[in-house]
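Enquirer: This is the structure, below, for whatever I ask next.
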Amino acid sequence: MPELPEVESVKNGLNKLISGKAITNVDVLWINIIKDPSISEFKERIAGQVIEAVKRRGKFLLFFLTDDVLISHLRMEGKYRLENTDVPRTKHTHVVFELDSGEELRYLDVRKFGKMSLIAKEKWTQHPSMLKLGPEPTNEELKIKHLVNALKKTERPIKACLLDQTIVAGVGNIYADEILYDACIHPERKGKSLQLDEIKDLRNSIITIINKAVDKGGTTIRTYSNAFGTEGGYQTYLSVYGKKDEKCSRCQHTIKKIKVAQRGTHYCPYCQK
DNA sequence: CGCCCATCCTGAGCGC
DNA sequence: TGCGCTCAGGATGGGC
């Protein structure tokens, strides 16, 4: 399940593989992947454009083309693969970008949850998906004051707040659990119950955990791999995610799994207050 | 406005 | 062996 660190790794791989190549044609094999514009406009506009660079905002991949930006979200299991045209397309290949190099950039997605949008370059920051995004989880962009404001009035559990992309962009279910463990905060604590020093700890944990995961090339739990097909390396650093019934490495108590905001949530009932 | 919940999807894992 | 059920979950939009 690609979160910010995994998308960052995919972005880096794609830049090496496809920057400077032109798209000659687009095949859409599962129409629900394309959110907007219409399928015909999507295909017609992309054909002929050059992929200048691939960037990232939150969990969204941004393909900067000659005139447009292709906004792509991998959701649960989306992947990009560069293949020669003679390699057979698998049944999970849903969108194919044919390149002037004779290769194909293929979008694969077992669950078909991923989405793509195309928008004019000068308007991409105004796309609804972009407008809703909060700050990137970096020391420069994620301000204490912003977190204080976002949390001070809400009754929602802090886990739900971390998953809310308007509060901070890029955190998903795995890193939310890891961040709360690192900050020693119970996932069911109401947002407004957090004290200032706890919010500072939380901010530090968000930045530290995400940075380290980026550094390790992301986490491979189920099926994630980057554009080169290589797996991430952060899974060996996980403290609670997927560790139900195992011992907490800090206090030796047993890691529990509960549901918070409809999401599987792992935590240590002794360390996380 | 804030928040909850269903929806989209398929494959893995499990019990019988 | 194979069937049917449950679970996994990010963003979105409807509804209260």
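Enquirer: Can you report the principal axis dimensions of region A:170-273 using only the alpha carbons, biggest first, rounded to whole angstrom?
Expert: Over region A:170-273, Cα extents along the principal axes are 44, 29, 27 Å.
Enquirer: Turning to a different aspect of this structure: Report the FRET efficiency, 1/(1 + (r/R0)^6), for residue A:204 and residue A:253, where r is their Cβ-Cβ distance and R0 is 25 Å, rounded to 0.05.
Expert: E(calc), rounded to 0.05, equals 0.60.
Enquirer: May I pose another question? Under a cut-off of 17 Å between alpha-carbon atoms, report the aspartates and glutamates in cross-link reach of residue A:91, not counting same-chain residues fewer than 8 places apart.
Expert: A:27, A:77, A:83, A:104, A:109
Enquirer: Same structure again: Against the globular-protein guess of 2.2 N^0.38 Å, express the Cα radius of gyration of chain A as a ratio, rounded to two decimals.
Expert: Values: Rg = 19.7 Å, N = 273, 2.2 N^0.38 = 18.5 Å.
So chain A has a normalised radius of gyration of 1.06.
Enquirer: Among the lysines, select those whose C-alpha is under 16 Å from the C-alpha of residue A:123, and discard any that sit fewer than 8 residues away in the same chain.
Expert: Straight-distance partners of residue A:123: A:55, A:132.
Enquirer: Please report the projected area of region A:106-265's Cα convex hull averaged over all directions, in nm². All intermediate terms of the calculation are to be shown ahead of the outcome.
Expert: On the way: hull surface 44.9 nm².
About 11.2 nm², averaged over all directions.
Enquirer: What is the packing order of peptides A:75-81, A:48-54, taking the mean over residues of other C-beta atoms within 10 Å and listing the highest first?
Expert: Details: A:75-81: 20.1, A:48-54: 17.6.
By packing density, highest mean first, the sequence is A:75-81, A:48-54.
Enquirer: A further question follows. Only four residue types carry charge here, +1 at the Cβ of Lys and Arg and -1 at the Cβ of Asp and Glu. Report the dipole size of chain A about the Cα centre in Debye, rounded to the nearest 20. Can you show the working numbers first?
Expert: Working: 45 positive and 35 negative charges, 266 e Å.
Magnitude of the dipole: close to 1280 debye.
Enquirer: Between region A:2-31 and region A:86-135, what's the alpha-carbon centroid distance in Å?
Expert: If we compute the Cα centre of each part, the gap is 7 Å.
Enquirer: Got a sec? Charge dipole of region A:160-225, +1 on Cβ for Lys and Arg, -1 for Asp and Glu; which of A:208, A:165, A:218 is way out at the positive end?
Expert: Value computed over the given set: A:165.
Enquirer: So with the 1.4 Å probe, I'd like the accessible area per residue for region A:4-130, rounded to whole Å².
Expert: Values: 5430 Å² over 127 residues.
Accessible area per residue: 43 Å².
Enquirer: Magnitude of the Cβ-charge dipole of region A:4-130, K/R +1 and D/E -1, about the Cα centre, nearest 20 debye? Spell out each step's value before the answer.
Expert: On the way: 21 positive and 18 negative charges, 121 e Å.
Using only the charged Cβ atoms, the result is roughly 580 debye.
Enquirer: Taking amide hydrogens as modeled 1.01 Å from N in the peptide plane, which residues meet the under 5 Å criterion relative to residue A:263, leaving out close sequence neighbours?
Expert: none
Enquirer: Still on this model: Once both axes come from the Cα atoms, what is the angle between helix A:4-18 and the longest principal axis of chain A, in degrees from 0 to 90, rounded to 10?
Expert: Long axis of A:4-18 versus the principal axis of chain A: about 20 degrees.
Enquirer: So, one more: Per the Kirkwood formula on distinct C-alpha pairs, the Rh of region A:91-149 is how many angstrom?
Expert: Numbers: mean 1/r = 0.0658 Å⁻¹.
Final number for the Kirkwood radius of region A:91-149 is 15.2 Å.
Enquirer: When the Karplus curve 6.51 cos²θ - 1.76 cosθ + 1.60 is applied with θ = phi - 60°, which whole-Hz ³J(HN,Hα) does each residue of region A:113-128 get, with x for Gly and Pro?
Expert: Karplus-based 3J(HN,Hα) across region A:113-128 equals 8, x, 9, 10, 10, 10, 9, 4, 3, 6, 10, 4, 5, 8, 5, x Hz.
Enquirer: A further question follows. Taking 0.36 nm per residue of separation and subtracting the Cα-Cα distance, what length does fully extending residue A:155 through residue A:184 add?
Expert: On the way: separation 29, 0.36 × 29 = 10.44 nm, distance 1.93 nm.
Length gained, residue A:155 through residue A:184: 8.5 nm.
Enquirer: Report the relative contact order of chain A, percent, no decimals, based on alpha-carbon pairs under 8 angstrom and at least 6 residues apart.
Expert: Numbers: 562 pairs, mean separation 52.5, N = 273.
Value for chain A: 19 percent.
Enquirer: Here's a follow-up. In Å and from the alpha-carbon atoms only, list the Rg and Dmax of region A:4-130.
Expert: Expressed in Å, the Cα Rg and Dmax of region A:4-130 come to 13.1, 39.
Enquirer: Still on this structure: Using a Gaussian network model of chain A with C-alpha springs under 10 Å, which one of A:253, A:186, A:94 is most mobile by mean-square fluctuation?
Expert: So, out of A:253, A:186, A:94, the one fluctuating most is A:253.
Enquirer: Add -39500 (n - 2.57) for each DSSP H run of 4 or more in chain A, then divide by its residues: what number comes out at 222 nm, to the nearest 500 deg cm²/dmol? Could you put the intermediate results ahead of the total?
Expert: Working: 7 runs with 71 residues, N = 273.
Helix contribution divided over all residues of chain A: -7500 deg cm²/dmol.
The values are calculated or read from the model by the stated rules, or taken from the named source; none is laboratory data. Remember, it's a predicted structure, so these values are computed and weren't measured experimentally. No Cβ is skipped: glycine too gets one built from the backbone with ideal geometry, and neighbour counts run over all protein chains shown. The area values use the complete protein model at the heavy-atom level, side chains included, leaving out ligands, DNA and RNA. Shrake-Rupley method; radii C 1.70, N 1.55, O 1.52, S 1.80 Å.
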